[in-house]
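Enquirer: Below: one structure in structure tokens.
Throughout, read-outs are computed from the coordinates displayed, never taken from laboratory work. Treat the numbers as computed from the prediction; the structure is a model and nothing was measured. Here the Cβ positions follow ideal geometry from the backbone for every residue, glycine too, while neighbour counts run over all protein chains shown.
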Amino acid sequence: MFTGLVETMGKVKELRLLGRRNQLVIEEPGIAQQVKLGDSVAINGVCLTVVQCEGDRLIFDVMPETLRKTNLRSLTRGDYVNMERALAMGDRLGGHLLTGHIDGVGQVSARRTEGNAIIFTIHAPEEVTSLLVEKGSVAVDGISLTVGDLEPKGFWVSIIPHTLENTVLQHRRPGDKVNLEADLIGKYVLRYLKRPAPGSPGGITLDFLGQHGFLS
């Protein structure tokens, strides 16, 4: 589990495309000295496992499906990525609960400044926006953010200067892809609401409500 509070940015040294076993090599001295083999680290919000440590560099295995379904596939040498170690028991939960499993990839459609805030408008697939609510939580490239409002084909978020300066959002421009993960609690609520009612294979319908006295 993660919180969406990015600890640092790492630098991509190499993305090894080896077919069935791809590897991502990231350089970041701070985190590299604090993790061990088998530890989980969120890279742009994607949960990856450390398979090798080489000084200031960490090597992660990246499955083909992960490359297909996230923006990791577009990484090149010299790019920066957000990094967060997995949540430990007793840690403060300053953001919101994240699994590191991406729900979809969005695209920055606009970026503008409003006072001391930077507003990012993100075009997102319906499978993600259906899980979002105004003022609810969403993770963008692993950053815990608040949904400013929903739009017909996406949503917008407001970024404070500290977040911009300390995450990869400083490099994001219109057209760039971003990893999106919706709020975990929201997913469970939606799944619960979609469950068929007992004895009603079609779920809760107007007929079902009438039969049980909810409609006159």
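Enquirer: To the nearest 10 degrees, how steeply does helix 184-194 sit against the main Cα axis of the chain, on a 0 to 90 scale?
Expert: 30 degrees
Enquirer: If you don't mind, another one. Return the inverse of the average 1/r over all pairs of distinct C-alpha atoms in the range 68-111, which is the Kirkwood hydrodynamic radius, in Å to one decimal.
Expert: About 13.6 Å, per the Kirkwood formula over Cα pairs.
Enquirer: What span do the alpha-carbon atoms of the chain cover on each of the three principal axes, reported in whole Å from largest to smallest?
Expert: Reported extents, whole Å, longest axis first: 71, 42, 38.
Enquirer: Over the alpha-carbon set of the range 1-91, work out the extent along each principal axis and list the three values in angstrom, largest first.
Expert: Extents along the principal axes: 39, 27, 22 Å.
Enquirer: Separate question: Put +1 on the Cβ of every Lys and Arg and -1 on every Asp and Glu Cβ in the range 104-161; which of Pro125, Val108, Gly136 then has its Cα farthest towards the positive end of the dipole?
Expert: Final value for the positive-end residue is Val108.
Enquirer: Under 1.5 on a/c is rounded, so check that first for the range 91-150, then, if it is not, pick prolate when a/b is larger than b/c and oblate when it is not; a ≥ b ≥ c are the square roots of the alpha carbon gyration tensor eigenvalues.
Expert: Judged from the Cα gyration tensor, the range 91-150 comes out oblate (a/c at least 1.5, b/c at or above a/b).
Enquirer: Additional query: Karplus couplings for the range 34-42 from phi (6.51 cos²θ - 1.76 cosθ + 1.60, θ = phi - 60°), rounded to Hz, Gly and Pro as x?
Expert: Result, ordered by residue: 10, 10, 9, 4, x, 5, 9, 9, 7 Hz.
Enquirer: Relative to the present Cα-Cα distance, how much length would full extension add between Thr146 and Met1 at 0.36 nm per residue of separation?
Expert: Difference between extended and current length: 50.3 nm.
Enquirer: What number comes out for the charge environment of Val50, summing +1 per Lys or Arg and -1 per Asp or Glu over other residues with Cβ under 14 Å away?
Expert: Combined, the nearby Lys, Arg, Asp and Glu give -4.
Enquirer: Could you list Ser40, Ser137 in order of exposure, starting from the residue whose Cβ has the fewest other Cβ atoms within 10 Å?
Expert: Listing Ser40, Ser137 from fewest to most nearby Cβ atoms yields Ser40, Ser137.
Enquirer: Using each residue's phi in the range 44-50, evaluate 6.51 cos²θ - 1.76 cosθ + 1.60 at θ = phi - 60° and report the 3J(HN,Hα) Karplus result to the nearest Hz, with x for Gly and Pro.
Expert: 6, x, 9, 6, 10, 10, 6
Enquirer: On to the next question. Any chance you could list P(r) for the range 43-148, counting all Cα-Cα pairs in 5 angstrom bins from zero, rounded to whole %?
Expert: 2, 9, 17, 23, 19, 16, 9, 4, 1
Enquirer: Follow-up question, since we're still on this one. Averaging sequence separations of C-alpha pairs under 8 Å and six or more residues apart, then dividing by the length of the range 1-144, give the relative contact order as a whole percent.
Expert: 31 percent
Enquirer: Considering the alpha-carbon set of the range 8-51 alone, what are its Rg and its Dmax in angstrom?
Expert: Cα-based Rg and Dmax for the range 8-51 come out at 10.6, 30 Å.
Enquirer: Kindly provide the helix-only [θ] at 222 nm of the chain, computed as the sum of -39,500 (n - 2.57) over DSSP H runs of four or more divided by all residues, to the nearest 500 deg cm²/dmol?
Expert: After summing the helix terms and dividing by the residues of the chain, the value is -4000 deg cm²/dmol.
Enquirer: Per residue and in Å³, how big is the convex hull formed by the alpha-carbon atoms of the range 127-187?
Expert: 88 Å³
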